[in-house]
Amino acid sequence: MSTVLAQAGALPAAIAVPHEGELTRRAHAEPPHAYRTPFARDGARVLHARAFRRLAGKTQVFTQAPEGKPGDHFRSRLTHTLEVAQIARTLATSLGLNVELTETLALVHDIGHPPFGHAGETALDRALAPFSLSFDHNLHALRIVTWFEERYPAFRGLNLTLGVREGIIKHSRDYALEAHPELAGYFLDRRPPLEAQLIDLADEIAYLTADIEDGLDSGILALDAVHAGVPLFRGFHDEARAKFPHATPRVLAGEATRRMLNALVTDLLAEVRRRVDAAGIATLDDVRRSPERLAAFSPAMEAERKTAKRFLYANLYNSPDLEETRAHAVRIVENLFAEFVANPNLLPEDHREQIASQGLARTVTDYIAGMTDSFIEQAWTRISPRAS
Ligand code: MG
């Protein structure tokens, strides 16, 4: 039945990235696998990478509720990633796109995130500025899969296809060639395929709904505040409460976010079809030459999305409840970075060996960015007595 449903809403077949040709090219040529497509292979390579496993120990919004309130069910970067993959797979299947490429891009989309979520990323970027370098999680993800992971005797990195590497860079933003000459070869003057364009929106759908749920569950967000501040949630919450008057508050909130997720996905699918149709897009090349991205919400849903996102920034991500956690994260990343730069001998030997070719600041960044939240805490506990 799902095949029939997918076919009914599928875009023209020539829009999907094919399982052969230019985008399946790898930096180091490899013979094709007997029964797996190139993008399915890439998905497996990502899934088996050390950087992927470490997502389990990295913060999404928080790993514990503030004030030590117990809770072992909050999203980590890993479970967030799996939720993005689920949504992305639904989108690609329904649109008749390359599902294996889409799912692989979802699995890899957060692999470049350092410990401590956004606070960690900002702190690393600031630490690199005096070296005329910067930290960007998309470019760091590319670095991980092209160089940092060491698993295969024949090459460094995961030797992923061009299509996956392009999607890693371009799934959430466009980079200008003038500012990033090293990215020549990734079609910077063209839009990415729809498979990559969908990832950023699948990511938004996943975290907007999940963060409302985790925010409520942690006690940082009050139900009244979400109800008042997020109209999309309010509509579905009222609907659910009228239909299930005896359901518990937690189940009702879950039902509201579930309906929200479904509405966002449904709107996105309809808007992509509408835009493709309106622009007369029939091939992958048309997608690439389109003046703007084709994956988007309708204007009405885009307004809802912005309101929900603004609400989460004001009341969750930048909430005073998490201020201490953020300050702690920045302090550890900055101090550890400075300590490793001053004393490179504190780095493990396999990292120290990279200094000659990669430079000290980038080598320290690679090491710190790879750490989980608990690993960086332990590293700081070990090293901080020397720094004081
Ligand atoms: Mg994400």
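Here are the numbers:
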| read-out | value |
| --- | --- |
| Euclidean distance of C-alpha centroids, the stretch 158-181 and the stretch 207-274, integer Å | 34 |
| Most fluctuating residue given options Asp277, Asp373, Asp286, as computed from a GNM of the chain linking Cα atoms under 10 Å | Asp277 |
| Tail weight of P(r) past 23 Å, computed on alpha-carbon pairs of the stretch 172-260, percent | 44 |
| Which of Val333, Pro320, Ala270, positive extreme of dipole for the chain (C-beta unit charges) | Ala270 |
| Radius 12 Å from Cβ of Val164, net charge of other residues (Lys, Arg +1; Asp, Glu -1) | +1 |
| Computed over the stretch 3-387: relative contact order in percent, which uses C-alpha pairs under 8 Å that are six or more apart | 21 |
| Summed residue charge, Cβ within 14 Å of Lys306's Cβ, Lys/Arg positive, Asp/Glu negative | -1 |
| Bins of 5 Å, starting at 0 and running to the largest distance - Cα pair percent for the stretch 171-328 | 1, 8, 15, 16, 14, 13, 12, 9, 7, 3, 1, 0 |
| Sulfur and carbon atoms: percent of accessible area, the chain [1.4 Å] | 55 |
| Gaussian network model of the chain, springs between alpha carbon atoms under 10 Å - residue of His227, His33, His137 with greatest fluctuation | His33 |
| Within-14-Å neighbourhood charge of Asn345 [Cβ basis; K, R +1; D, E -1] | -1 |
| Heavy-atom accessible area order for Lys243, Lys306, largest first, 1.4 Å probe | Lys243, Lys306 |
| Range in the chain, longest, excluding exposed GluC sites (Glu not before Pro) [loop by DSSP; at most 15 other beta-carbon atoms within 10 Å] | 21-149 |
| Whole-Hz couplings from phi, Karplus 6.51/-1.76/1.60, listed for the stretch 215-232; x for Gly and Pro | x, 5, 4, 7, x, 6, 9, 9, 4, 4, 5, 5, 4, 7, x, 10, x, 5 |
| Relative contact order computed over the stretch 178-286 (Cα-Cα under 8 Å; 6+ residues apart), in percent | 24 |
| For the chain, calculated [θ]222 nm from helices alone, where every DSSP H run of n ≥ 4 adds -39500 (n - 2.57) | -18000 deg cm²/dmol |
| Length-normalised contact order for the stretch 246-387 - Cα pairs under 8 Å, 6+ apart - percent | 16 |
| Net charge dipole size for the stretch 252-359 [Lys, Arg +1 and Asp, Glu -1 on Cβ; Debye, nearest 20] | 580 |
| Which of Ile355, Ile205 is most accessible, then next, and so on - probe 1.4 Å | Ile355, Ile205 |
| With DNA, RNA and ligands ignored, accessible area of Asp285 (1.4 Å probe; Å², nearest 10) | 70 |
| For the stretch 238-384, accessible area per residue (1.4 Å probe, heavy atoms of protein chains only), Å² | 51 |
| Rounded if a/c under 1.5, otherwise prolate or oblate - the stretch 215-259, Cα gyration tensor axes | oblate |
| Highest-fluctuation residue, Pro192, Pro114, Pro181 considered, GNM on the chain with Cα pairs under 10 Å | Pro181 |
| The stretch 248-388 pair-distance distribution - Cα-Cα, 10 Å bins, rounded % | 9, 22, 17, 20, 24, 7, 0 |
| Anisotropy class of the stretch 150-199 from Cα gyration tensor, a/c 1.5 cut | oblate |
| Average accessible surface area per residue within the stretch 79-199, 1.4 Å rolling probe, Å² | 34 |
| Size descriptor, Kirkwood hydrodynamic radius, that averages inverse alpha-carbon separations across the chain, Å | 22.3 |
| Net charge dipole size for the chain [Lys, Arg +1 and Asp, Glu -1 on Cβ; Debye, nearest 20] | 360 |
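The values are calculated or read from the model by the stated rules, or taken from the named source; none is laboratory data. Not measured: the values here are computed from a predicted model. All Cβ positions, even for glycine, are placed from backbone atoms using ideal geometry, and neighbour counts span all protein chains on display. The area values use the complete protein model at the heavy-atom level, side chains included, leaving out ligands, DNA and RNA. Shrake-Rupley method; radii C 1.70, N 1.55, O 1.52, S 1.80 Å.
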